[in-house]
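The values are calculated or read from the model by the stated rules, or taken from the named source; none is laboratory data. Predicted model only: the values in this text are computed from it and were never measured. No Cβ is skipped: glycine too gets one built from the backbone with ideal geometry, and neighbour counts run over all protein chains shown. We work out accessible area using only protein heavy atoms, side chains counted, and drop any ligands, DNA or RNA first. Shrake-Rupley method; radii C 1.70, N 1.55, O 1.52, S 1.80 Å.
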Amino acid sequence: EEVLQAESAKDVHVETALYQAVVSNEGGVLKSFKLKEYPNAKKEPVELIDSYAGRQVGFPLAFVTADAALDKTLSQAKFVIQQETPYKVSLDYRAAGIQAHKTFDFDSEKYLVRVSADLQRNGVSVPHQLVLQGRFGDQSIPDVPAKRMAVHENAGKFQRAVLSNIKEPHEVTASSGGVEDQYFLAMFVRDKESPIKINKDWTAHV
């Protein structure tokens, strides 16, 4: 079996006129997303990804499957990472029968990242989700749990729920879904209505 994995952790930096992003090859995740147009009190670009929460529960856009052991392997996997263009990053991992691929295509003119993913084990496709996890929002201000919401949109109508009030994971059919704080919103936007799972710690698209 051909093994494809990196020897060490590596970050790739992507910068547009609007934002600075960091993709990590460890787990193939989004490690940082800073908004250049929105300076904080220190006049630095606002960071939207909580690095502490990322280290504890995982960073955004990680793979999640029905197999906890596979999830752990993928979260620790060191993908071979390539910056194909200044705005496109690809990640590949192959070992122990697992084949994982992910692509981040950053839009240079909008706050938009197109993400594609493929996961197989022993040549068979593995159902998976990508998750928005960890605390999302302006990291330069105190956290206000009551302002952290799960959001989903269906037929032009937006539904919100306070994340800390969500007791059990549940699934909604929506064309988009994600999380927000009092100032910023991150959403998965789909081509059509599809299942989106919501938990107090994450939002996932299938």
**Prompt:** What is the number of the single condition among (1) within 16 Å of residue 30 (Cβ to Cβ); (2) at pLDDT below 90 that residue 115 does not meet?
**Reply:** (2)
**Request:** Determine which single condition residue 133 fails, assuming it passes every other condition in (1) within 15 Å of the chain's Cα centre (by Cα); (2) at pLDDT below 95; (3) open to solvent by 40 Å² or more (accessible area, probe 1.4 Å).
**Result:** (3)
**Asked** When the range 104-116 is examined, which residues are found to be buried (at least 17 other Cβ atoms within 10 Å of the Cβ) and under 20 Å from residue 64 (Cβ atoms)?
**Response** 104, 113
**Item:** Count of residues meeting criterion [over 20 Å from the mean Cα position of the chain (by Cα), surrounded by 13 or more Cβ atoms within 10 Å (Cβ to Cβ) and hydrophobic (A, V, I, L, M, F, W, C)] in the range 139-157
**Value:** 1
**Message:** Give all pairs with beta carbons closer than 7 Å in which a residue from the range 171-198 that is in contact (Cβ under 8 Å) with a residue 24 or more places away in the chain meets a residue that is of a type in the set (Ser, Thr, Tyr) and open to solvent by 70 Å² or more (accessible area, probe 1.4 Å); count only pairs at least 6 apart in sequence or on separate chains.
**Reply:** 193/173; 195/173
**Item:** Where a residue in the range 143-155 is closer than 17 Å to residue 132 by Cα and its partner, wherever it lies, is hydroxyl-bearing (Ser, Thr, Tyr) and assigned to a helix (DSSP H, G or I), with Cβ under 9 Å and at least six apart
**Value:** 145/164; 148/164
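Looking at residue 160, is it within 24 Å of residue 19 (Cβ to Cβ) and either hydroxyl-bearing (Ser, Thr, Tyr) or modelled with pLDDT under 95 (or both)?
no
From the list 2, 7, 26, exactly one residue is crowded, with 16+ Cβ neighbours inside 10 Å, touching a residue at least 40 places away in the same chain (Cβ under 8 Å), over 16 Å from residue 114 (Cα atoms) and out of contact with any Gly (no Cβ under 9 Å at 6 or more places or on another chain). Which is it?
Of the residues listed, the single one that is crowded, with 16+ Cβ neighbours inside 10 Å, touching a residue at least 40 places away in the same chain (Cβ under 8 Å), over 16 Å from residue 114 (Cα atoms) and out of contact with any Gly (no Cβ under 9 Å at 6 or more places or on another chain) is 26.
Matching residues to (1) open to solvent by 20 Å² or more (accessible area, probe 1.4 Å); (2) part of a strand (DSSP E or B); (3) over 22 Å from residue 78 (Cβ atoms); (4) in contact with a helix residue (DSSP H, G or I) (Cβ under 8 Å, 6 or more places away or on another chain):
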| site | (1), (2), (3), (4) |
| --- | --- |
| 12 | no, yes, no, no |
| 17 | yes, no, yes, no |
| 33 | yes, yes, no, no |
| 36 | yes, yes, yes, no |
| 42 | yes, no, yes, no |
| 54 | no, no, no, no |
**Condition check for residue 192: buried (at least 17 other Cβ atoms within 10 Å of the Cβ), in a strand (DSSP E or B) and of a type in the set (Lys, Arg)** = no
**Prompt:** Residues of the range 139-178 being of a type in the set (Asp, Glu) and in contact with a strand residue (DSSP E or B) (Cβ under 8 Å, 6 or more places away or on another chain), which ones?
**Reply:** 153, 171
**Message:** Suppose the filter is touching a Phe, Trp or Tyr at 6+ places or on another chain (Cβ under 8 Å), of a type outside the set (A, V, I, L, M) and open to solvent by 10 Å² or more (accessible area, probe 1.4 Å); does residue 82 pass it?
**Reply:** no
**Item:** Among (1) of a type in the set (Asp, Glu); (2) surrounded by 15 or more Cβ atoms within 10 Å (Cβ to Cβ); (3) outside any strand (DSSP E or B), the one test that residue 92 misses
**Value:** (3)
